[in-house]
Amino acid sequence: MISLKHVSKWYDRFQVLSDCTTEVNKGEVVVVCGPSGSGKSTLIKTVNGLEPIQQGTILVDGIAVNDPKTNLAQLRARVGMVFQHFELFPHLSIIENLTLAQIKVLNRSKDEAQKKGLALLDRVGLTSHANKFPSQLSGGQQQRVAIARALCMDPIAMLFDEPTSALDPEMINEVLDVMVELAYEGMTMMVVTHEMGFAKKVAHRILFMDEGKIIEDTKKDDFFNNPQSDRAKDFLAKIL
Ligand code: ADP
Ligand code: MG
């Protein structure tokens, strides 16, 4: 579903990604971890073309992300992305947040979009908040809305970049629970997170990054039980 081959990227003269090769198959959950500044956010943003690359190829469902002929807006409509900060439209109600892109990008009717929006709001346990504004919801609730909004677009894959790291501790689990459920339903997911409990529960593979390189790309159990590199061992010792 997602394939990166020999991807390198520079910010000016600083090389942020260095020869990154990996793939995420349909229905697979891949957790990306590693120290701060190792390139995790940059890597995940390259997948839906939010960051251009200078070398290598990225394919999403067979579409070459970095081909100038590729319609990135169309691609992004099919790949859901949830960031650390919720990024809901503050001036729109929750249901309007959920319907806007469905109507504008997918050309759904208002009725159809509302039906879908309400169904997904129900799924994340927030039906009664449909007519509120984002500022009236807690951080955890806003992040669940952000996930529901992405799911409204019937994505072929979901990308998450530290979706719980800006949340108060008591709200982390309500967001992780939604993600765990998605994983069990077979959603293809690439998740940057430090939540190793989540990784242990649902990840199929772990990518460990350091200094722009994918240092380990292994099955979950191998990563936790038998990390190969000293850097991954260090990282796990600090985080577990
Ligand atoms: P991570 O998500 O693992 O913390 P990032 O992908 O955000 O890492 O950043 C990797 C490196 O690239 C860091 O050294 C960061 O300072 C640098 N970087 C990130 N974004 C930019 C940018 N827009 N311009 C220049 N350098 C950047
Ligand atoms: Mg980051």
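The values are calculated or read from the model by the stated rules, or taken from the named source; none is laboratory data. All figures in this text were calculated on a predicted structure; none of them were measured in a lab. Cβ: placed from backbone, ideal geometry, glycine included. Neighbour counts: every protein chain shown. SASA here: full protein model, heavy atoms, side chains in, ligands and nucleic acids out. Shrake-Rupley method; radii C 1.70, N 1.55, O 1.52, S 1.80 Å.
Some observations on this one:
- Estimated at the nearest 10 Å², the accessible area of residue 42 is 20 Å² with a 1.4 Å probe.
- Annotation for residue 173 and residue 119: the two label points, set 7 Å from Cα along the Cα-Cβ direction, are 3.0 nm apart.
- Separation between Cα centres of the range 225-240 and the range 45-118, rounded to whole Å: 34
- GNM flexibility winner over the chain from 40, 220, 110 (Cα, springs under 10 Å): 110
- Mean-square fluctuations from a GNM of the chain, with a 10 angstrom spring cutoff on Cα atoms, peak among 66, 225, 48 at 225.
- For the chain: relative contact order, % (alpha-carbon pairs under 8 angstrom, 6 or more apart): 27
- One equal scatterer on each Cα of the range 76-200, no solvent, Debye formula: the resulting log10 I(q)/I(0) at q = 0.10, 0.12, 0.17 Å⁻¹ is -0.27, -0.39, -0.81.
- Computed on the chain, the Cα convex hull volume stands at 125 Å³ per residue.
- Working note: Cα gyration tensor of the range 32-144, eigenvalues times five, square-rooted, sorted largest first, giving semi-axes of 30, 20, 11 Å.
- Whole-number accessible area per residue in Å² for the chain, which is evaluated in the context of all protein chains at 1.4 Å: 48
- Only helical runs count toward this figure. For the chain, summing -39,500 (n - 2.57) over DSSP H runs of n ≥ 4 and dividing by all residues gives -11500 deg cm²/dmol at 222 nm.
- Calculated Rg and Dmax of the range 62-108 using C-alpha coordinates, Å: 13.1, 36
- Listed cross-link partners 5/26; 201/233; 40/200; 45/201; 5/201; 5/40 are compared with a 22 Å cut-off, the Cα-Cα value being larger for 45/201; 5/201.
- Heavy-atom accessible surface of the chain: percent carbon and sulfur, 1.4 Å: 49
- Most mobile of 134, 68, 90 in a GNM of the chain (Cα contacts under 10 Å): 68
- Share antiparallel - DSSP beta bridges, the chain, percent rounded to 5: 55
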